[in-house]
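A short write-up of the structure that comes next.
None of the figures in this text is laboratory data; all of them are computed from the coordinates on show. Fair warning: this is a prediction, and the values are worked out from it, not measured in the lab. Here the Cβ positions follow ideal geometry from the backbone for every residue, glycine too, while neighbour counts run over all protein chains shown.
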Amino acid sequence: MPSARAYTATSATAPLTPGTLHRREVGPRDVLVDIAWVGICHSDIHTVRGEWGTAPYPLTVGHEIVGVVAEVGAEVTRHHVGDRVGVGCLVDSCRNCDHCRADQEQFCRKGAMETYGSKDRNGSITQGGYATRIVVDEHFVLRVPNGIPFETAAPLLCAGITTYSPLRRWNAGPGRRVAVVGLGGLGHLAVKLAHAMGAEVTVLSRTAGKRDDAGRLGARHFHATSDPETFDRLESTFDLIINTVSAEIDLNAYLSLLDLDGTLVNVGAPPHDLTVSLFTLLPNRRSFAGSLIGGLRETQEMLDFCAAHRVIPEVEIIAADQINDAWARVLDSDVRYRFVIDISTMTH
């Protein structure tokens, strides 16, 4: 079995530690990827810390993976040795249900297999990309266009598709007023993508500290939500609001900012449920929705869109031995805007 160096969580409270894990043998339709870069997603931290349920330790997380194809199975047709590829949040699904056949594998009726923490086809637990190698079915391996700098591509595999999918689904584009709540790892890509689609973009951030960044990323307007007058001033203003934050917020206050037939889409995942009042939805025929990544076809579409429109994540490159410090900084909101681990530094 192919082995890989990795950083692994052994409990909800212990720091990640270096070690070795084993991947399954390369099957006829599998691709072995030598991982070059992997993004740090807040989901990694939520999972390891047990905030979304007990994790199956030991666990290697990471689902924003880019690398180079090192080996392909005998029946693989989509990828070749040496290709630049990516692996996102999914590594398998049933492929037969109506959702899978409609290229919505993330909603597989039998349960999609996630990149880490799911039961693999051989009964083991899937292990993610804080590692030097991974074996994935070719259907779940994506092409990384040359127009995207390789060291910046990883965050697109989760943060990129997580924000692209609802922007496309709810028709962000010319003439549409889109607000993005939070300017972090998800939010900065939501701003860039909505701007590239032609929408009029507003950033709603707790304080004014990121006002200049918001404008540089493509936002036309910026408002600090810590100012209570903001919500009165912007009532019934937006067609679409993308909430990217993973903290508890007053959803009803943000819903009041929607104009007729407007929708607030939640892509952030706080550890506790949020409350929505029916009496906030009724005026202006407002809607509240959720969105979860995208299928493989849409993810490839997103990557191609980003290459064509030069939508490039803003990243800070770190060495593998800085992972635990980087996690602490994510929790302190001290990153602009996504950490990417240089896997070549994983030398243990």
Checklist entry - Can you give the extra length, in nm with one decimal, that the chain gains between Asn146 and Arg220 once fully stretched, where that is 0.36 nm per residue apart less the Cα-Cα distance? => result 23.7 nm
Next on the checklist: Let me spell out the model: positive unit charges on the Cβ of Lys and Arg, negative unit charges on the Cβ of Asp and Glu, origin at the Cα centre of segment 174-265. What dipole size does that give, in debye rounded to 20?
Outcome noted: 460
Next on the checklist: Given contacts defined as C-alpha pairs under 8 Å and at least six residues apart, what's the relative contact order of segment 160-290, whole-number percent?
Outcome noted: 22
Checklist entry - By the gyration tensor of its Cα atoms, with a ≥ b ≥ c the square roots of the eigenvalues, what is the shape of segment 160-290: rounded for a/c under 1.5, prolate for a/b over b/c, or oblate? => result rounded
Item to check | Sequence-separation-based contact order of segment 218-303, relative, with Cα cut under 8 Å and 6+ spacing, percent | outcome: 26
Checklist entry - Using the 10 angstrom Cβ neighbour count as an exposure proxy, how do Thr202, Thr225 rank, fewest first? => result Thr225, Thr202
Checklist outcome for this item: Along the dipole axis of the chain (charges at Cβ: +1 for Lys and Arg, -1 for Asp and Glu; origin at the Cα centre), the most positive-end residue among Met346, Ala154, Ala194 is Ala194
Next on the checklist: Using helices alone, I'd like the mean residue ellipticity at 222 nm for the chain: each DSSP H run of four-plus residues gives -39500 (n - 2.57), total over residue count, nearest 500.
Outcome noted: -6000 deg cm²/dmol
Checklist entry - How many angstrom separate the Cα center of segment 33-62 from the Cα center of segment 249-268? => result 29
Item to check | Table column - 3J(HN,Hα) (Hz), segment 284-292, Karplus curve with 6.51, -1.76, 1.60, x for Gly and Pro | outcome: 6, 6, 6, 10, 10, 9, x, 8, 10
Item to check | Inter-label distance, nm, simple model (7 Å from Cα along the C-beta direction), Arg285/Thr77 | outcome: 4.6
Checklist entry - PRE reach from Asp321 (point 7 Å along Cα→Cβ): which of segment 1-17 fall under 18 Å by backbone N? => result 5-8, 15-17
Checklist entry - Antiparallel DSSP bridges in the chain: what percent, to the nearest 5? => result 55
Checklist entry - Once you charge only the Cβ atoms, +1 for Lys and Arg and -1 for Asp and Glu, what is the size of the charge dipole of the chain about its Cα centre, to the nearest 20 debye? => result 460
Checklist entry - By the gyration tensor of its Cα atoms, with a ≥ b ≥ c the square roots of the eigenvalues, what is the shape of segment 47-189: rounded for a/c under 1.5, prolate for a/b over b/c, or oblate? => result rounded
Item to check | Prolate/oblate/rounded call for segment 1-84, Cα gyration tensor, a/c under 1.5 rounded | outcome: prolate
Checklist entry - Are there any helices in the chain, counted as whole DSSP H runs, that stretch 18 Å or more along their axis by Cα and score at least 0.5 on average by Kyte-Doolittle, and if so which? => result 185-197
Checklist entry - How high is the relative contact order of the chain, in percent, counting Cα pairs under 8 Å that sit 6 or more residues apart? => result 18
Checklist entry - Counting other C-beta atoms within 10 Å, which of Asp103, Asp273, Asp44 has the fewest, and how do the rest follow? => result Asp273, Asp103, Asp44
Item to check | Measure of compaction for the chain (Cα Rg per 2.2 N^0.38 Å) | outcome: 0.98
Item to check | chymotrypsin sites (Phe, Trp or Tyr not before Pro) restricted to segment 35-108 and DSSP loop, no more than 14 other C-beta within 10 Å | outcome: Trp52
Checklist outcome for this item: Interchain or sequence-distant (5+) residues whose placed amide H lies within less than 5 Å of the amide H of Ile134 are Val33, Ile35
Checklist outcome for this item: 1/(1 + (r/R0)^6) with r = Cβ-Cβ of Asp342 and Lys110, R0 = 30 Å, i.e. FRET efficiency to nearest 0.05, evaluates to 0.25
